[in-house]
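A.B. asks: Starting off with a structure, shown below.
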Amino acid sequence: MWQVIVFGFLSIPLTLSAQTSSSGAAQTWRNANDAVGSLKRGHADVLKWEQANVPPPAVQDTVAEGLKLLTIEDVTRQAWRNHRDLAGSLARLGAANVALIAAGRWTEIDSGLQRRVDGMDEVLSVAVQARKAWLQALAARQALAQYRSILDAAEAASELGQRMVNVGNWSALQQARVQLVQSSAQMNLTRAQHAATQAQARLIKTLGLTGQVASVTLPESLPEVPPQIVPLDAWQNKALALQAQLPGAEGLRNQANITMALAAYQASHALVKGSRDALKTRAFINEETVLHYNGMLSSVWDVLDAARSQSQALIDAIGAQRDFWIAEADLQWVLQGGEPDSLVSLGGGGEAAASAAH
């Protein structure tokens, strides 16, 4: 019964109030609700009836058609198109090197090109800024579904609590606490929606398309993070090759930047692994809670709380995934002699999108 909703919780919104759309269903629901106090299992029997009469899930809105930026290469090449002054530098780099940069495979490029090709620093700067903006926009949009799931669980709890208050099974104080959770979930969703809108606007601005494109089509999820990081000696060999070509002061600055970028890269990958472990644990807790509920060893409130916690764990995992790719972009950039204004802020990605998670 209720577990069907819980297992589909991350993709199908709960619509407890939608069952009153037809007059017959509404009357049946009212009769069941009025009698809740006399039922042996109280609210559980009402929920059992609702499960049998739940309406079909609403069709999700399709993504608005706009500029399609489905890969890192898409967004990088689009950014270059709006910097026509880079055409000469791109031509001097050659098609093979340009393809490697666009695909994010910077470690395969000769670090000496930075010194030999005029304007290559700008080519790389434009590429990395576009890449970061794309990752931020994608992560912010991907997290929205989980914020909606958290609100769905809170609304279901609030609706159930109100019914119990109406028949005298609950106090107003108990209901107030549930309503507070719902209010917090609604505010977090509003923040997340605003953050996603801002992130997309920043992406469009970074690409130089403000006023030309209203929206962009993004992939469904962030790129998968590799199970293992690139061995440290590979990065260090790349760093030594670069620093051998730099003058004293510039070489020291680059060495400091590489040290910080490498630390962020390692830490961000560790956080991805940690978030995945936490997500597996949350999924286990969710499944066990449903089994306990079926055995009447836990309440529907425990089920809803487990579902909310699992959605929050997914939000955290998305943030960790985003931060890894930003840290990787920073590291590759400094290994080509770049100087980022700042490195990724783990847990926030340097943007407001993550603040909505707290």
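A.B. asks: I'm trying to understand the selection: among the residues of segment 266-307, which are among the charged types (D, E, K, R) and modelled with pLDDT under 85?
C.D. replies: Listed by number, the residues that qualify are Asp302, Asp305.
A.B. asks: Something else about it: Residues that are open to solvent by 40 Å² or more (accessible area, probe 1.4 Å), farther than 29 Å from Gln212 by Cβ and under 33 Å from the mean Cα position of the chain (by Cα): does segment 89-96 have at least one?
C.D. replies: Yes, segment 89-96 contains at least one residue that is open to solvent by 40 Å² or more (accessible area, probe 1.4 Å), farther than 29 Å from Gln212 by Cβ and under 33 Å from the mean Cα position of the chain (by Cα).
A.B. asks: Take the residues of segment 290-311 that are of a type outside the set (A, V, I, L, M, F, W, C) and open to solvent by less than 20 Å² (accessible area, probe 1.4 Å): which is farthest from Val225 (Cα to Cα)?
C.D. replies: Here the residue is Tyr293.
A.B. asks: Which residue, of Leu203, Leu160, Leu173, is closer than 18 Å to Thr76 by Cβ and either buried (at least 21 other Cβ atoms within 10 Å of the Cβ) or over 14 Å from the mean Cα position of the chain (by Cα) (or both)?
C.D. replies: Leu203
A.B. asks: May I ask you to list the residues in segment 103-138 that are charged (D, E, K, R) and more than 19 Å from Ile72 (Cα to Cα)?
C.D. replies: Asp110, Arg115, Arg116, Asp118
A.B. asks: Can you tell me which residue is surrounded by the fewest Cβ atoms within 10 Å (Cβ to Cβ) among those in segment 275-289 that are in contact with a helix residue (DSSP H, G or I) (Cβ under 7 Å, 6 or more places away or on another chain) and of a type in the set (D, E, K, R)?
C.D. replies: Top of the filtered list is Arg276.
A.B. asks: Within segment 218-257, track down each residue that is surrounded by 15 or more Cβ atoms within 10 Å (Cβ to Cβ), closer than 18 Å to Lys132 by Cβ and in contact with a helix residue (DSSP H, G or I) (Cβ under 6 Å, 6 or more places away or on another chain).
C.D. replies: Listed by number, the residues that qualify are Leu218, Leu222, Val225, Asn257.
A.B. asks: Does segment 123-131 contain at least one residue that is polar (S, T, N, Q), crowded, with 23+ Cβ neighbours inside 10 Å and closer than 18 Å to Pro340 by Cα?
C.D. replies: Scanning segment 123-131 turns up no residue that is polar (S, T, N, Q), crowded, with 23+ Cβ neighbours inside 10 Å and closer than 18 Å to Pro340 by Cα.
A.B. asks: Listed residues Ala263, Ala195; which is surrounded by 15 or more Cβ atoms within 10 Å (Cβ to Cβ) and at pLDDT 90 or above?
C.D. replies: Only one candidate passes the filter, namely Ala195.
A.B. asks: Hey, can you tell me all the residues within segment 306-331 that are touching a residue at least 60 places away in the same chain (Cβ under 8 Å), out of contact with any Ser or Thr (no Cβ under 6 Å at 6 or more places or on another chain) and more than 12 Å from Lys132 (Cβ to Cβ)?
C.D. replies: Ala307, Arg308, Gln310, Gln312, Leu314, Ile315, Ile318, Gly319, Gln321, Leu331
A.B. asks: Any residue in segment 83-105 that is in a loop (DSSP other than H, G, I, E, B) sitting within a Cβ distance under 6 Å of a residue that is open to solvent by less than 60 Å² (accessible area, probe 1.4 Å)? List the pairs, counting only those 6 or more apart or interchain.
C.D. replies: The qualifying pairs are His83/Val126; Gly104/Ile72.
A.B. asks: Can you say whether Arg253 is more than 30 Å from the chain's Cα centre (by Cα), in a helix (DSSP H, G or I) and under 25 Å from Val123 (Cβ atoms), as far as the supplied structure shows?
C.D. replies: Judged against the criteria, Arg253 is a match.
A.B. asks: Pick from Trp106, Trp134: which is modelled with pLDDT of 95 or more and either within 27 Å of the chain's Cα centre (by Cα) or farther than 21 Å from Ala320 by Cα (or both)?
C.D. replies: After applying the criteria, what remains is Trp134.
A.B. asks: Right, something else. Based on this model, can you work out whether Val272 counts as of a type outside the set (D, E, K, R) and more than 30 Å from Gln114 (Cβ to Cβ)?
C.D. replies: no
A.B. asks: Another one. Give segment 224-247 a look and list any residue that's at pLDDT 90 or above and charged (D, E, K, R), or say none.
C.D. replies: Selection gives Glu224 alone.
The values are calculated or read from the model by the stated rules, or taken from the named source; none is laboratory data. Fair warning: this is a prediction, and the values are worked out from it, not measured in the lab. Every residue, glycine as well, gets a Cβ built from its backbone with ideal geometry; the counts of neighbours run over all protein chains shown. The accessibility values were calculated without ligands, DNA or RNA, using every heavy atom of the protein model including side chains. Shrake-Rupley method; radii C 1.70, N 1.55, O 1.52, S 1.80 Å.
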